[in-house]
Amino acid sequence: MRSLTDRGAIDPLVTIARKRDGHAISSDEIHAFVDGYVRGTIADYQASAWLMAICCRGMTADETAALTDAMARSGAMIDLGASRASAVDKHSTGGVGDKTTLVVAPILAAMGMIVPKMSGRGLGFTGGTLDKLESIPGFTVALDRDRFLSQAHRVGLAVAGQSADLAPADGALYALRDVTATVESIPLIASSIMSKKIAVGSPAICLDVKVGRGAFMKDMPSARDLATAMVDIGRRLDRRVTAVITAMDQPLGQAVGNALEVVEAIRALVGQGPPDLMEVVVVLAGECARLVRGTSDDMAARQEALATIKSGAAFDRFRAMVAEQGGDVACIDDPGRLPRTELFAELPSPRTGYVAAIDAEAIARCALSLGAGRRKKGDPIDHAVGIVVYAKVGDRIEAGEPLLVVHCRTREQLAQIGDPLLAAYTWSDTPVDVPLLIREVIRSAPPSR
Ligand code: URA
């Protein structure tokens, strides 16, 4: 691969016009445009026009891979060294109550894989792994490169915040997209997510693409387009990638809120997690094993994942990670010590019947209103607040039985949140099927090393 400076200067107007008019752009031109933007020779307004042209015209698979590569190479590329062969990255496109990373990563470490994971914070109404982990007193996500790598090698997993030198072009372009109505583009989303994964260096990447009311992708065609685009980027940039499309219509598991989700993740690590969370966890662990080991027996890998829970090995890996990253392990041994609110109250079911649907986004917005997430970047969050959903889709419940629990700070919050929470529920008088959780698995190719 030639360096960016070898590619020569381009006229940004020509590149913008070419995309505006629906013509293909070469890989060299894309690299030079991204490089020019990062160096400041291409202005924000020109990059914005280009992004809008991409939004309207789309990108070919070649262009999308070139954009991903250019953004990945705009900063540091991590060298995983000797552990590269057993390294795997897992990424969720974002959901509600999605604490799978906290459970899957220790399972993979206990299965002998290495999980060097750079995670994000909550985005919009969706939660973020870093915020969840920071609800453990003392836990730091600010690991420098050496500490991140050495911990991943020794413990099998490290979860850190993304360093500023990782895919900086994506950071800058994402900030522009955010204010120019250019976030909603499959090639831009796919390249943005994958550029960071490529820069971290794992040769195997398992993507959990969420679909439904509590996800950015609201329907199967768009989830499939995004999943396929990311798997295809991996194939073109020499990564083994699997995308698992999973339902995100109702919250995953029961807990929505940072410390509450850590409690649920710890329960899952000792074999007491809610069935839907466990199903997603085990399938993702099986797919990761398949990618790393080059086998096609994901059923055996799923059994192995469950065995790491049963033996306590997965819990031990999680505890070891918390200890390494400065967290108070007493809170892991006794989750009752994690931050909690003094005030909590059960909300009774307004009727007898079967739960037909729970609007995950509406539940997430209620949790956000309690302080569990941010309205804008940099806002502080309250780790203790949140909602625990007792009755899930398909459950039958009697009027007056507890439906949800609200953990909040004030009685006013409690008074205000009841109606919107109940409005998130849809009811049926007749039995309702439990919805299919694993919607589709898209693999790049037969496993190979
Ligand atoms: N997450 C990302 O990292 N990038 C996007 O464009 C959307 C979600």
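The values are calculated or read from the model by the stated rules, or taken from the named source; none is laboratory data. No experiment lies behind these values; they were computed from the predicted model shown. So basically every Cβ, Gly included, is an ideal-geometry build from the backbone, and we count neighbours across all protein chains shown. Each accessible area value is taken on the protein alone, full model and side chains, heavy atoms only, with ligands, DNA and RNA left out. Shrake-Rupley method; radii C 1.70, N 1.55, O 1.52, S 1.80 Å.
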Given all pairs of distinct Cα atoms, the stretch 140-229 yields a Kirkwood Rh in Å of 15.0 Å
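For the stretch 1-116, what ratio Rg/Rh do Cα atoms give with a Kirkwood hydrodynamic radius?
Values: Rg = 18.5 Å, Rh = 16.8 Å.
That ratio is 1.10, to two decimals.
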Stretched fully, the stretch from residue 345 through residue 17 gains (0.36 nm per residue minus C-alpha distance, one decimal, in nm) 112.3 nm
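So what are the chain's ellipsoid semi-axes, whole angstrom, largest first, if each one is the square root of 5 times an eigenvalue of the alpha-carbon gyration tensor?
On the way: eigenvalues 267, 130, 89 Å².
Taking √(5λ) for each eigenvalue gives 37, 26, 21 Å, largest first.
Report in % the part of the accessible area of the chain that belongs to carbon and sulfur, leaving out ligands and nucleic acids; probe 1.4 Å. Please report the intermediate quantities before stating the final value.
Details: 9320 of 17890 Å².
Here carbon and sulfur together make up 52 percent of the probe-accessible area.
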Set 197/310; 196/392; 197/218; 117/310; 19/376; 218/310, cut-off 27 Å on Cα-Cα distance; pairs above it are 197/310; 196/392; 19/376; 218/310
Along principal axes, largest first, the alpha-carbon spread of the stretch 29-84 in whole Å comes out as 43, 26, 15
Phi angles of the stretch 428-435, converted by Karplus (6.51 cos²θ - 1.76 cosθ + 1.60, θ = phi - 60°) into ³J(HN,Hα) in whole Hz with x for Gly and Pro, give 9, 7, 10, x, 10, 5, 6, x
The stretch 392-431, convex hull of Cα, quarter of hull surface, nm² -> 3.3 nm²
Expressed to two decimals, the stretch 248-385 has a Cα Rg over Rh, using the Kirkwood radius, of 1.01
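Determine, from the Cβ-Cβ distance of residue 429 and residue 62 and an R0 of 35 Å, the FRET efficiency 1/(1 + (r/R0)^6), rounded to the nearest 0.05. Present the calculation step by step, with values, prior to reporting the outcome.
On the way: r = 53 Å, r/R0 = 1.53.
Efficiency at R0 = 35 Å is approximately 0.05.
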Taking every C-alpha to C-alpha distance in the stretch 345-392 and binning by 5 Å from 0, the per-bin percentages run 5, 18, 23, 22, 14, 9, 6, 2, 1
Taking the dipole of the stretch 8-63 about the Cα centre (Lys, Arg +1; Asp, Glu -1; charges at Cβ), the one of 10, 27, 42 that reaches farthest to the positive side is 42
Rounded to the nearest 10 Å², the accessible area of residue 433 using a 1.4 Å probe with every protein chain kept is 130 Å²
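Report the equivalent ellipsoid semi-axes for the stretch 340-428 in whole Å, largest first, defined as the square roots of five times the eigenvalues of the gyration tensor built from alpha carbon atoms. List each step's numbers first, then the result.
Numbers: eigenvalues 119, 40, 18 Å².
One finds semi-axes of 24, 14, 10 Å for the stretch 340-428.
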Per residue, accessible area of the chain with a 1.4 Å probe, heavy atoms of protein chains only, in Å², comes to 40 Å²
Nearest-0.05 FRET efficiency for residue 328 and residue 415 at R0 = 35 Å, using Cβ-Cβ distance, is 0.55
The long-range amide H neighbours of residue 87, using H built 1.01 Å from N in the peptide plane and a cut-off of under 5 Å, are 114
Rounded to two decimals, the Rg over Rh value of the stretch 4-58 from Cα coordinates and the Kirkwood Rh reads 0.94
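Which residues make up the longest stretch of the chain that has no GluC sites (Glu not before Pro) in a DSSP loop with at most 13 other Cβ atoms within 10 Å?
Working: sites that count: 184, 342, 398.
It works out to 1-183.
With the alpha-carbon atoms as the only input, what is the per residue convex hull volume for the stretch 186-235 in Å³? Could you put the intermediate results ahead of the total?
Working: hull volume 3.4 nm³, N = 50.
Enclosed volume per residue, from the Cα hull, is 69 Å³.
Take every Cα-Cα pair in the stretch 70-220 and report what % of them are more than 19 Å apart. Can you show the working numbers first?
Working: 6118 of 11325 pairs.
Value for the stretch 70-220: 54 percent of Cα pairs lie more than 19 Å apart.
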